[in-house]
Structures are given as structure tokens and as C-alpha cells.
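These notes are about the structure you will find just below.
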Amino acid sequence: MPHPYRTLTSPHNETLKHLARLVQSARDRRKDDVIVLEGIHLLEAALEQGVAPAQCFVNEAALARPEVLRLLARLPQTLSPLVVPETLLGKLTSLSSAPELIAVCQRPHPPRHSGSCLLLEDIQDPGNMGTILRSAAASGVMEVYLSKGCADVFSPKVLRAGMGAHFVLNLHEAADLAEVLSGFAGRKLVTHLEGSQSLYAQDLSGEVAFVFGNEGAGVSEALLGLADCRVRIPMPGHAESLNVAMAATICLFERVRQLDVLPLTDAG
């Protein structure tokens, strides 16, 4: 039976050419104030948090899959998905093969909230960024501030690494981290090897701002000067330092351990 959706088959179609630019260019995504979700899992995560796409491009070959049809049924009735042949969609995606679908959503702009937070200064690696966001979401620290020098937090690679964390966190892009840290009323902790105290000797039961810096350069002197405590993660082995995503995860879950408020769950 023919599907009820409009099909786009030409690589010269202006709508598809525009989608290609959005997938490839952070500048174009910011210009349109949108994010691009590749695959059903990211769209599911967005819909679960009430984020509906403005556009949806469906892989024609995926229309026979029940999970894809169920997901399409959850889209707003005002949205008409566009069907694209698999070979053509494969040329538009950032993935190695065509996903089930590609959705375009409005970029979120959350208001600033109080409470524990994460400050990321010039984090460049998309995998690190996504892992940090996933750990923040899992640990219950929902406010994340990113400096102008960070990688695009809504790039396809960061979105995939975040595994849906983007849709539960309040992500504040291009933030003035010094201003955020200066105005924070709780403890201000930065990981640093020199002049530091053990993470495990700190009281993290109140509101905490954790600061993590660039993979190579670390935290800037300006932010170091605003922190009230420099902490290190004890390493009795033979490594000089930890990957920034691993360090952030350890710090966030030391706070969880001290709060001791979460039920026992599988690590997943």
C-alpha cells in the first residue's frame, strides 16, 4: 500500500540541499537556530522530553519497520514527514550509513537556574563532551555552562555521544564562565594537580560548581583564581592524569555517593 508521505528523490531539491548544510555546518545550524537528530533513538529521547521536530526526513527503506512507524505516529499531526530514498539519505547524513530518519528541531535556550552545576572551558573533543553530558544527566547535575571555545554541543557527534542527555539538561552555550562562577553561592571546585586537595576529602553535600578545562591546557588561570578549592583525584597507579570525561564522571558520582539519595540501579 502506498505510504501517505511526500517523497523527495532529487539531490538537487532545495529542501534536501538545505538539510545537507545543516548536517555539515555548525554555522548554518546556529543561523537557523536548530539542531539535527540522526536516528530514531535521539528523536525518541527528544519526544520523551516534549521536544517536537520542525522537520522529519524518513529513510524510505525504514518505513517497513514497526518501531519507525510507531515513532512517526507520535509526531505532531501538523508535521508531514518527508520520505527520502536510502541511497540519497546516506549522502546527507554524517553517519557511515543512512539512519532510519533525520529530524530538525529548534535549538533549546533554557533560562538560568540555581543549584549545582558544571562549567566546561574549551572542551574540544566531541566524545569527551558527550560523555560528560551523559554523566551530568545521570548524576542529577542539570545545569551545564559551556564557554565559547567549546566544541559545538549540538554537533552530530556530541549528540550521539550524549545518548539523549541533551534533552534533560539545561545547556547554556557561549557562557561567561567567570561571571557564572563569581555569582555562584556554593562551593567552587576545579580539578588541578598543583596545590590541590583530595576529591574524597571534600564535602560535596551542598551546592557545588565543578569546573573542567581543555584537554591539553586545563583550566585557565582566570577560573582557577575564582575557585575556592583545587581538587585532585588520587591515582596510586602510574598514570599522570585522567581523561577529562573520566575525571568529570568521578567527581560527579563522588557527589552522588555523598548525597546517598539514589536507589540502586544497573549501570547500563
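Being buried (at least 17 other Cβ atoms within 10 Å of the Cβ) and acidic (Asp, Glu) is a property that does not hold for GLU215. Residue count for region 218-238 under the criterion of being open to solvent by 60 Å² or more (accessible area, probe 1.4 Å), more than 26 Å from the chain's Cα centre (by Cα) and among the small types (Gly, Ala, Ser): the result is 1.
Scanning for something part of a strand (DSSP E or B) and either within 18 Å of the chain's Cα centre (by Cα) or buried (at least 16 other Cβ atoms within 10 Å of the Cβ) (or both), does region 245-265 turn up at least one residue? Taking every residue of region 245-265 in turn, none turns out to be part of a strand (DSSP E or B) and either within 18 Å of the chain's Cα centre (by Cα) or buried (at least 16 other Cβ atoms within 10 Å of the Cβ) (or both). Filtered by the rule that a residue be in a strand (DSSP E or B) and aliphatic (A, V, I, L, M), region 227-244 gives a lone residue, VAL231. Of all residues in region 226-252, those being of a type in the set (Asp, Glu) and at pLDDT 90 or above number 1. Under the condition of being under 26 Å from ALA54 (Cβ atoms), open to solvent by 30 Å² or more (accessible area, probe 1.4 Å) and touching a helix residue (DSSP H, G or I) at 6+ places or on another chain (Cβ under 9 Å), the residues counted in region 107-148 number 5.
In region 6-88, counting only strands (runs of 3 or more DSSP E) that sit wholly within it, the ones holding 1 or more residues that are open to solvent by 40 Å² or more (accessible area, probe 1.4 Å) span 55-59. Residues that are open to solvent by 20 Å² or more (accessible area, probe 1.4 Å) and either part of a loop (DSSP other than H, G, I, E, B) or not polar (S, T, N, Q) (or both) within region 94-106 comprise SER94, LEU95, SER96, SER97, ALA98, GLU100, listed in sequence order.
Checked against the criterion of being under 30 Å from ALA103 (Cβ atoms), touching a Leu at 6+ places or on another chain (Cβ under 7 Å) and either surrounded by 17 or more Cβ atoms within 10 Å (Cβ to Cβ) or free of Cβ contacts under 8 Å to residues at least 24 places away in the same chain (or both), region 191-198 contains not a single residue that satisfies it. For the residues ALA73, ALA62, ALA20, the requirement of being without any contact (Cβ under 8 Å) to a residue 12 or more places away in the chain and of a type in the set (Gly, Ala, Ser) singles out ALA73. Of the set (1) in contact with a helix residue (DSSP H, G or I) (Cβ under 7 Å, 6 or more places away or on another chain); (2) open to solvent by 10 Å² or more (accessible area, probe 1.4 Å); (3) aromatic (Phe, Trp, Tyr), all apply to PHE210 but (2).
The values are calculated or read from the model by the stated rules, or taken from the named source; none is laboratory data. Here the structure is a predicted model, which is why all the values come from computation and not from measurement. So basically every Cβ, Gly included, is an ideal-geometry build from the backbone, and we count neighbours across all protein chains shown. What goes into the accessible areas is simple: the full protein's heavy atoms, side chains included, and nothing from ligands, DNA or RNA. Shrake-Rupley method; radii C 1.70, N 1.55, O 1.52, S 1.80 Å.
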